[in-house]
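One structure is given below, encoded as structure tokens.
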Amino acid sequence: MIRIMIIGAGPAGIACAHTLAGAGEPSLVIEKQDSPGGLCRTINFGGYFFDIGGHRFLSKSDEINSLWQRVMNGQMLLVKRLSRIYYKKLFFNYPLSFFNTFGNLGPSESFLCIASYLKCKLFKPGNDSTFEGYIINRFGKRLYDIFFKTYTEKVWATPCKDISANWARQRLCGLSLRVALEKALVKKKRNLPKTLSGEFLYPKRGPGEFYSRLEKLALSGGARFEYDKFIRGIEHDGERVRSVEVLNCRENRKDQMPVDYLFSSMALPVLIESLRPLPPGNVIAAARKLRFRNFLVVNLILNRQDLFPDQWLYIHSPQVRLGRIQNYKNWSPDMVSDSKKTTLGLEYFCGQDDFLWKMNDIDLIHYAVRELQAIGIEAQKYLINGFVVRCPMVYPIYSLDYQKNLGVIKAYLSRFSNLKTMGRAGLFRYDNSDHALLTGIYAARNFLGQGLHDIWAVNTDPVYLEA
Ligand SMILES: Cc1cc2nc3c(=O)[nH]c(=O)nc-3n(C[C@H](O)[C@H](O)[C@H](O)COP(=O)(O)OP(=O)(O)OC[C@H]3O[C@@H](n4cnc5c(N)ncnc54)[C@H](O)[C@@H]3O)c2cc1C
């Protein structure tokens, strides 16, 4: 019998194992990938280090900040953020700032944008409960079309009128055209919403460095980590989980392992459909309505020294599917083994049936290189090597009814005394890694009797989130 099993060695799973180990409770962590860190793992590709997207270490939680510092022994870079919107071959500050935006747009487009804003201010045409309406009421229709619609629909592939205003609130955190103007004019005189942190911490060789260290600490406290193993089924008696079915991917073997207590950071709908016997029909139906967007990143090594100074660019140009470009040596010079080369991560947001998701890796690399060319970045003749990383179920889609469906699932799961879900996909929440770490820590503390934390309440305050 395994006393405590944890599904997933991402931030939530490792933090849970580490907290338990600190209290003398060994656990077994089962992870389907071959290394720790989940979405925050770093891939070493021939001496070049690739983050999955880019992971800023930035948190409002004192506890997480001190955990990062303690585990990294203070050895992190303080990076000055530069990330802009690339639109019609122009670079716009992000989040939008008044003078830069209108300076770039030019007098006639600026006039049209301001007229559209004033019209929307007067008539409030937007439905404030949707993403589209919320933004139009605060920026006007024209600025919405240029700076919010294209990119948001690239990420979510859902019309903005069908996306909940919760997402707009999290993205803007109080920003509007009026606030941007006040910020530009009165700067520090008033306490205006903080939409962007100018700097963040980053391990020299990417976030995976932190998670490898945290894993080591958990190991020294008695935790065990098993990789290339996949949880396929969870047997229960209606009140308690009894055992799990583990698929050993290397040996193509499956084992039924009795467990006493199970923490899970696997995606919530998958957890629901892994339960044996299956939950009632209404719970399954609710789980099937919780949908995610997949994410893939085409990583390239280019024989070019300097491309652009940003850590990442948002690509708003509607003629390409490309959503964001990471430039890893601008995160940390140690991410490249040769400073004369540049490594890029070209990010795409996809559905399961999307032609991009189904495309083979070689074709994807060529496709991505062509898209770089299309937006004016010469890459074809400088390409040295490339590879693709695919991440399924990464962006929880905040559809208009997601909270209702989540409520059905939460109510159902509350009957299990020894099954706790945590983490980003596990809670179906658009969490950053600090939130995911906290959910793992709190889940472990609840088990240890060190407090009564509401895991579902982590990251429900309006904080600034980016996609
Ligand atoms: C492109 C991108 C950029 C981001 N940027 C930032 C940022 O700048 N700063 C920040 O703080 N956060 C950022 N995040 C968010 C951060 O990556 C997540 O919040 C964090 O990784 C969530 O941790 P987790 O443990 O909940 O989930 P994951 O990291 O997804 O870990 C879950 C683990 O469980 C494993 N697993 C799942 N199902 C099974 C199964 N059945 N059997 C075995 N193992 C299983 C998975 O393989 C995975 O390793 C970003 C995310 C993305 C996608």
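The values are calculated or read from the model by the stated rules, or taken from the named source; none is laboratory data. Worth saying up front: this structure is predicted, and the values here are computed from it rather than measured. Quick reminder, even Gly has a Cβ in these numbers, built from the backbone with ideal geometry, and neighbours come from all protein chains shown.
In region 270-279, which residue that is part of a helix (DSSP H, G or I) and surrounded by fewer than 20 Cβ atoms within 10 Å (Cβ to Cβ) is farthest from the ligand (Cβ to nearest atom)? Even if it seems obvious, please write down each step before you answer.
Applying the first criterion (part of a helix (DSSP H, G or I)) to region 270-279 yields 270-274.
Checking which are surrounded by fewer than 20 Cβ atoms within 10 Å (Cβ to Cβ) leaves us with 270, 273-274.
On the way: VAL270: 7, GLU273: 11, SER274: 7 Å.
Result: GLU273.
Would you check if there is a residue in region 235-245 being touching a residue at least 60 places away in the same chain (Cβ under 8 Å) and within 12 Å of the ligand (Cβ to nearest atom)? Full working, then the answer.
First, pick out the residues of region 235-245 that are touching a residue at least 60 places away in the same chain (Cβ under 8 Å): 236, 238-241, 244.
Going one step further and asking which of them are within 12 Å of the ligand (Cβ to nearest atom), we end up with 244.
Checked against the condition, which is being touching a residue at least 60 places away in the same chain (Cβ under 8 Å) and within 12 Å of the ligand (Cβ to nearest atom), region 235-245 yields at least one hit.
Among the residues of region 382-434, what is the count of those that are modelled with pLDDT of 95 or more and part of a helix (DSSP H, G or I)?
17
For region 29-116, which fully contained strands (runs of 3 or more DSSP E) count at least 2 residues that are away from the ligand (no atom under 16 Å from the Cβ) and surrounded by 15 or more Cβ atoms within 10 Å (Cβ to Cβ)?
Here the list reads 83-87, 90-93.
Here is a check on your reading of the model: is GLY140 over 30 Å from ALA374 (Cα atoms) and of a type in the set (Gly, Ala, Ser)?
On the way: over 30 Å from ALA374 (Cα atoms): no; of a type in the set (Gly, Ala, Ser): yes.
Answer is no for this residue.
What number of residues within region 413-436 are more than 8 Å from the ligand (Cβ to nearest atom) and more than 30 Å from LEU322 (Cβ to Cβ)?
9
This table checks each residue for (1) buried (at least 22 other Cβ atoms within 10 Å of the Cβ); (2) free of Cβ contacts under 8 Å to residues at least 12 places away in the same chain; (3) of a type outside the set (Lys, Arg).
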site	(1), (2), (3)
PHE230	no, no, yes
LEU247	no, no, yes
ASP255	no, yes, yes
LEU268	yes, no, yes
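Restricting attention to region 3-28, and to residues there that are assigned to a helix (DSSP H, G or I) and not aliphatic (A, V, I, L, M), which single residue is nearest to the ligand (Cβ to nearest atom)? Before you say what the answer is, go through the steps one by one.
The first filter runs over region 3-28 and keeps only residues assigned to a helix (DSSP H, G or I), leaving 11-22.
The next check asks that each one be not aliphatic (A, V, I, L, M); those that pass are 11, 13, 16, 18-19, 22.
On the way: PRO11: 4, GLY13: 6, CYS16: 9, HIS18: 12, THR19: 13, GLY22: 18 Å.
Looking at residues that are assigned to a helix (DSSP H, G or I) and not aliphatic (A, V, I, L, M), I get PRO11.
Starting from residues that are within 16 Å of the ligand (Cβ to nearest atom) and not β-branched (Val, Ile, Thr), keep the ones in region 388-412 and report whichever is farthest from ASP354 (Cα to Cα).
Quick first cut of region 388-412, residues within 16 Å of the ligand (Cβ to nearest atom) only: 388-398, 406.
Okay, now just the ones that are also not β-branched (Val, Ile, Thr), so 390-393, 395-396, 398, 406.
Numbers: ARG390: 13, CYS391: 14, PRO392: 12, MET393: 13, TYR395: 15, PRO396: 17, TYR398: 20, LEU406: 26 Å.
Across region 388-412, the extreme among qualifying residues is LEU406.
Output the number of the condition that LEU452 fails; it satisfies all remaining conditions of (1) more than 16 Å from the ligand (Cβ to nearest atom); (2) at pLDDT 95 or above.
Condition not satisfied by LEU452: (2).
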